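Only one structure is covered here, and it is reproduced in the block below.
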Amino acid sequence: MPITNAPRRRSDGGTNNMELKTQFIVDDRGERTAVLLPIEEYTKLMEEAEELEAIQAYDAAKAANDEVIPFEQAVIEIERNRQ
């Protein structure tokens, strides 16, 4: 499959402009089927996805209105249930 280049500029929070060297894998019709990213960009995207997942988990926990217990008590209960 052919690879096409699509350089573009990206602004990171207004403090760091960088040229992304994103490449796309295209099929016989020229339609994009996959993307190749520099490892730094991939790592940044993965970190941002993990952060978003943590925020969503926090929001879900807050919305659940479950009983709130102190952290120390939670650790004790977890340890007790492991035995």
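Structure data summary
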{"item": "Condition met for Ile76 (in a loop (DSSP other than H, G, I, E, B) and either without any contact (Cβ under 8 Å) to a residue 40 or more places away in the chain or more than 25 Å from Gln23 (Cβ to Cβ) (or both))", "result": "no"}
{"item": "Pairs, first touching a residue at least 12 places away in the same chain (Cβ under 8 Å) in the range 29-41, second assigned to a strand (DSSP E or B) and of a type in the set (Lys, Arg), C-beta under 9 Å, six or more apart", "result": "Glu41/Arg10"}
{"item": "Flag if Ile55 is modelled with pLDDT of 90 or more and farther than 30 Å from Pro2 by Cβ", "result": "yes"}
{"item": "Count - residues of the range 17-51 that are touching a strand residue (DSSP E or B) at 6+ places or on another chain (Cβ under 9 Å), of a type outside the set (D, E, K, R) and either part of a strand (DSSP E or B) or modelled with pLDDT of 95 or more (or both)", "result": "11"}
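The values are calculated or read from the model by the stated rules, or taken from the named source; none is laboratory data. Model, not experiment: these values are computed from the prediction. Note that we place each Cβ from the backbone using ideal geometry, even for glycine, and neighbour counts take in every protein chain shown.
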